[in-house]
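Engineer: Dropping the structure in here first, questions after.
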Amino acid sequence: MSPGDAPEASPQPTLRRIEARPSEVGGITLRRAVPGRALRTVGAWCFLDHAGPARFGPGEGMHVGPHPHIGLQTFTWMIEGELLHRDSLGNEQVIRAGQVNLMTAGHGIVHSEDQVSDGGPLHAAQMWIALPDAERDRAPAFQHHAELPVIERDGITFTLLVGEALGQRSPVAVFTPLVGLDLVARRAARTTLPLDPAFEHAVLVLRGAATVAGEALQPGTLLDLGCGRDGVAIELAADSQLLLLGGEPFGAPPLLWWNFVARTQAEVEQALADWNGASARFGAVPGTDAPRTPAPPLTGLRLKARA
Ligand code: MN
């Protein structure tokens, strides 16, 4: 697809600093960088939570009870620690450092996420990928990726999370053109990373510090790079880690409410009624006796999608 086929895309590169905001999930505080007022999607990436790095005290850890999703893929990138995923399809999967869990919610799924050992370390990023119209009602699915392509270049270890980059292709199956890269440097390093100018991109420091396109960054600040770049200059300080996300502009932003990615308020209302009514759409999660997470009241939903 050429840039001319994406009418929503700004052809211009931008440099916007966006401050992540604190959010409470599963008993811990994390940083939510997307969505925000200023940036609702980066390609189909529509949600970005950064948890940790944290080391919990005895008996403390992250526990997210059974909750539903629709219309999205959850993409969990584990950096340190271990989480146990369970879902209503019967999957039970521990995810460890360097691994990805990809859950495709489609029409509807329920899952729980629990730190395996309370009192241990936790460092992870969880992203949501909005499904395009033709795929968003598909049957739910789950995949665990124990290994991903790793490229060493310019003193930086690149892990290819999604898409194609640096001559490699990720096995992670997505439904719109996307890229995701994790960069780690033990010693100070610099590189120029080639980018697809038809994609929009953003970067987030996961630990340490980086300078991207001349902007000095630390954890908590997302840098929106916009579209139209064929490369970006990246400098990493010693012991630093950076996440780069990109994709073909998604078009009109999807409607996000609670754990649902939809297009209309009626779809959100139906999913909420199905969850609250214990519909077969959202099955039980075997192996957990944690209570179902109650949905918040449907108030304040301002319908902006397809505006
Ligand atoms: Mn979830």
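Engineer: How high is the relative contact order of the chain? Use alpha-carbon pairs under 8 Å, at least six apart in sequence, and give a whole percent.
Structural biologist: 21
Engineer: OK, next. Take every Cα pair under 8 Å in the range 6-125 that's 6+ residues apart, average their separations, divide by the length, and report that relative contact order as a whole percent.
Structural biologist: In percent, rounded to a whole number, it is 28.
Engineer: Can you give the longest stretch of the chain with no exposed loop site, where a site means trypsin sites (Lys or Arg not before Pro) in a DSSP loop (not H, G, I, E or B) with at most 13 other C-beta atoms within 10 Å?
Structural biologist: That gives 188-301 as the longest site-free run.
Engineer: Next question, about the same structure. Could you give the distance between the Cα centres of the range 240-302 and the range 93-141, to the whole Å?
Structural biologist: 12
Engineer: Using 12 Å as the cut-off for backbone N distance, which residues of the range 159-195 belong to the label zone defined by a point 7 Å from the Cα of D230 along Cα→Cβ?
Structural biologist: Once the point is set 7 Å along Cα→Cβ of D230, 194-195 turn out to lie under 12 Å by backbone N, inside the range 159-195.
Engineer: From the helices alone, meaning DSSP H stretches of at least four residues, give me the mean residue ellipticity at 222 nm for the chain, per-run term -39500 (n - 2.57), in deg cm²/dmol to the nearest 500.
Structural biologist: So the helix-based figure for the chain works out to -1000 deg cm²/dmol.
Engineer: Describe numerically, in nm with one decimal, the distance between label points set 7 Å from Cα along Cα→Cβ at T157 and at A273.
Structural biologist: Each label point lies 7 Å from its Cα, and together they span 5.1 nm.
Engineer: Another question about this same structure. For L30, L236, which order do you get if you count the other beta carbons within 10 Å of each Cβ and list the fewest first?
Structural biologist: Ordered from fewest to most neighbouring Cβ atoms within 10 Å, L30, L236 come out as L30, L236.
Engineer: Another question, then. Average projected area of the Cα convex hull of the range 19-72, in nm²?
Structural biologist: Result: 4.9 nm².
Values quoted throughout were computed directly from the atomic coordinates according to the rules given, and no laboratory measurement underlies them. These numbers were taken from a predicted model, which means no experiment stands behind them. Heads up, the Cβs are rebuilt from the backbone with ideal geometry, glycines too, and the neighbour counts pull from every protein chain shown.
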